[in-house]
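A quick write-up on the structure given underneath.
What follows is calculated from the coordinates using simple rules that are stated; it is not laboratory data. Please read these numbers as outputs of a predicted model, since none were measured by experiment. Note: ideal-geometry Cβ built from the backbone for every residue, glycine included; neighbour counts use all protein chains shown.
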């Protein structure tokens, strides 16, 4: 190709990026298109780092102290140990921090000249390690990711009487490799502890101290199940490498891998040394590791599941393979049974899940707390857990808790560690579930045990743990009552040992207030006294938390309980002069919530004191402070004791200077807060004062700011009216509003609402401006943006009434005509608005004066009825209904009939409003045309397929009957009932139910005409017939009560009565209601004689039904039954005399 | 209640009934039922002044006395409960 000749393109090909994308895709062999959404469903992936700190928590093995005392054994591993461990942990953290500080200091001083990621000098490490060892006095707690030192195996032989002990397992299945997901070969804690020690979370411990181990095996950043990052196993290496010429070298002595290969995936072999796993077992392990390409959907003994995730394989490895059940011990069988049930619940289809849930609940005590929670809790801490799975597992815990009751005690802490994070979940339902569980847990375990379990976490070094513990405690308080927890709270809030304990104690009080609301009132003084001293605490965090807790208490107690806060008023008001920043904000918040509680005569003094600070803080640049200041100003303005004068003089000038600036409109939360506060101030200062200050800003150049002004004016005028606004202000206001409306670039509700509200509030005063306003509307109705046209139409709807009030009929006519011309609009939203506007004009002008004339308007609307858009349908049907009601005579009958047919289609609409409007329109049309034709249309419609359409037709028939008189319809319905089609007959019956429901006492004239039909229906084989007929009887009976139709009603009663043995819920419901209605018409005495036959019938099924009828009768008319009770004196025997002697007296 | 009906709205009705005194069930004894009837009768007399004054005249007692006696009688109006068979 020569250089300057343009290159000829002989074929087109895809752009380079696209090709690249495909190439990338091809490289990434198992690209999972669902990966992205899956990670969104996973709770852990979605939550913040703070939430995910739950994975770092440790749970300690608990002991049922009560149980042990009963058994006469010494309690170990309980509260004391938990406290000691907790102390060690704190100490460890402190030392770590000290080391970090030291390093940082060293770096800053420039001593450290090497790279930052270089390991620190050896001496330093040694020193730190030494310090660590000294400070803790024991060996460092073992982390899950460190391999066990070899010396530990010596301890393994130690006794463990638990049924899950190693011995037991070994005996049961000697050559079986243990595939426990966490299996670590040690359980060396004290002999004779709780017999059912479970070991789901136990790591080996070198010394006989209770194991404290991380509950979580999945540390952040280590996804063991990721098959790309997995370690190569020996088998794989064997397959890859040639068998000759290589030698497997033993690792050097003392070598320990920094990160252990995943324990659960590569189960630790027995102490005895290497062993070869069985074939089926290996397959399960392979599946667990993700080697097996497809995941099972059928699990032996479980059946098919809805889904199965790769992560599930680790937990359920044992049941994935076929096993010879005869070789298993009882406990192993039990364990597998639990796993199967859990898998069914977690991954099964709803029916499978339901039965499994019931089984696990029923057998909970049989399974025992240990085995159950050993399986459930690890599942809940899985990183890839999704909402649905979590919900189901939490449900399992809840059900199981009920059954286990106090057996649950040893597991309280473990359960809490898993459940507490739910309390700070962003999902409301998760929070509710968490509360439910903890409340049930505390009821099952008892207060003392809950306190002793949770006490160590109260001054935990990690803020996350303290936070969740405080919330859990508040749940305990609400479950067991505040008084029982008060002594403990008092002690904690006064703790001298650590400020963290005081902080948490006060936070518990705060959480109690937030959670229990006004239920804190009886204990308010105690709670306040409990935390009052915290305001002068030496720790700033404690002071802040105290103020927040007081705010929460005052908010919960409002409007009562000011006397309980007496003690804290002074420290609070002194405090706002002493503090700055965060704690000042908290103090102000507390004051803001206490002010509304005060008596009006004192409040002004306190407000004056706080206003000085508030005004100073108006200038703050801190967003949080700004919000709190605004809130407090709002609360001050709302109190009764503050005078308008004071607000106008002392607060408003600074307030407007600080907050009514453009910058405030940019942040959504600031925006809302400023608007709310200003509206509250307006309640005191008056409309003119506030509107006068901001009205000029309606012409501001920043649109968000104009919107903020508009919204404020709207709210102020809507609540206080416009009578306060003088003439000059009125001119500026209307001018500003028109300007703001015209200049808007994003058409939203705020401007529209504002315009409508202000104009409606001004009423007749708006007349001079109407020409201008209407010309704006007209101009905008022809705009090329559909949104603008829609908005103009909406504004017309709102202004129509005011325009009429001002007597500007020509303007309305003009608008009506323009809107009429716009009926060809193609955007459905806009069309809907235009029709609604036309309807509003028709409403105020009246049908006779309407321009365009009705006879032109309606034919134009008929085809629009076919539009599928809901908004259009609703607007159209409303307008047509209105015309049918008020001006039917302007339209020829033929047109109405056409509309009737169109209306039938609308009966299928989803929106109830549309169906109701359509049904009502039938009534109006029938009224003007006479019922015959309309009724014919409706009765024919009973033959259609859709149930909804038929039901609506029956309602329409009833409405026609109501508007035109029952005599016009009932004969036609009865005639139609003779059709041999089931749907039609049911429809006729249904129509009659509505007819008799609507006409009420008028039914007395028609009873005799429908009796024969009802006889037929009540003796029909079809259940639905009898049901519907019973409903008719009910309405009839209620309608004719006291009108002398007892003979026919008695006849119907005899036909209804045999149906009382029906079992289908709807039928029996209808029959019972009919019988109940009969009580009203025939009187309770008659009904009693019916029931007396069966109250003591030998067959239980009969008795049950009769007693139910009797009970309804009794509750309805117990007093009236007295004279009708049979005289049973002859049944008297021995001491029991059944004669009712008072009734036998006579004069 | 039969098992088909256990999960329907009628159970609610049943529960509602059970919350009131004087209602019955399939296992109610003659004694219990009649006791309720007697109590209803007595309270009806106390609650309807014309009935109370009628009885007062027939008995030659004060109306207050009649009402008091009726109220007193409401405690075991048919005598002590019969001994249980089983």
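Of note:
- The value obtained for region A:694-848, namely the Cα convex hull volume divided by the number of residues, is 103 Å³ per residue.
- Ranking of A:963, A:620, A:712 by count of other Cβ atoms within 10 Å, fewest first: A:620, A:963, A:712
- Computed across region A:544-635, the Kirkwood hydrodynamic radius from all distinct Cα-Cα pairs reaches 12.9 Å.
- What the Kirkwood sum gives for region A:981-1068 is a hydrodynamic radius of 13.0 Å, with every pair of different alpha carbons counted.
- Inter-chain Cβ neighbour average for residues A:1097-1108, partner chain, 10 Å: 4
- Report note on the peptides A:791-803, A:374-386: ranked by the mean count of other C-beta atoms within 10 Å, highest first, their order is A:791-803, A:374-386.
- Peptide A:1120-1127 has a mean shielding of 3, counted as Cβ atoms of other protein chains within 10 Å of each residue's Cβ.
- Cα-based Rg and Dmax for region A:609-768, where Dmax is the largest Cα-Cα distance (Å): 15.4, 48
- Where a label projected 7 Å from the Cα of residue A:666 along Cα→Cβ would reach, residues of region A:725-766 with amide N under 15 Å: none
- Using the Cβ-Cβ distance between residue A:936 and residue A:778 with R0 = 45 Å, the FRET efficiency computed as 1/(1 + (r/R0)^6) comes to roughly 0.50.
- Most to least packed among A:1031-1042, B:40-51 [average Cβ atoms within 10 Å]: A:1031-1042, B:40-51
- Alpha carbon convex hull of region A:309-448, volume per residue in cubic angstrom: 110 Å³
- Equivalent ellipsoid semi-axes, region A:455-557, via Cα gyration tensor eigenvalues times 5, rooted, Å: 19, 15, 12
- The convex hull defined by the C-alpha atoms of region B:29-79 has an orientation-averaged projected area of 3.3 nm².
- Placing dummy labels 7 Å off each Cα toward the beta-carbon, the span from residue A:723 to residue A:894 is 5.6 nm.
- Longest to shortest principal axis, alpha-carbon extents of region A:390-453, angstrom: 30, 22, 16
- Relative packing of peptides A:1050-1060, A:678-688 - highest average C-beta neighbours within 10 Å first: A:678-688, A:1050-1060
- Efficiency of FRET from Cβ geometry, residue A:47 and residue A:333, R₀ 51 Å, rounded to 0.05: 0.85
- Size descriptors for region A:905-1026: radius of gyration and Dmax over Cα atoms are 13.7, 41 Å.
- Using a Förster distance of 56 Å, the FRET efficiency for residue A:1016-residue A:1139 (Cβ separation, nearest 0.05): 0.75
- At 0.692 mPa s and 37 °C, Stokes diffusion of region A:734-805 via Kirkwood alpha-carbon radius, µm² per second: 271 µm²/s
- Alpha-carbon Rg with Dmax, taken over region A:401-499, Å: 13.0, 40
- Here the contact order of region A:694-848, divided by its residue count and restricted to Cα pairs under 8 Å and six or more residues apart, works out to 20 percent.
- Averaged over A:475-483, number of beta-carbon atoms from partner chains that fall within 10 Å: 0
- Take the Cα radius of gyration of region A:822-939 and divide it by 2.2 N^0.38 Å, N being the number of residues; the result is 0.98.
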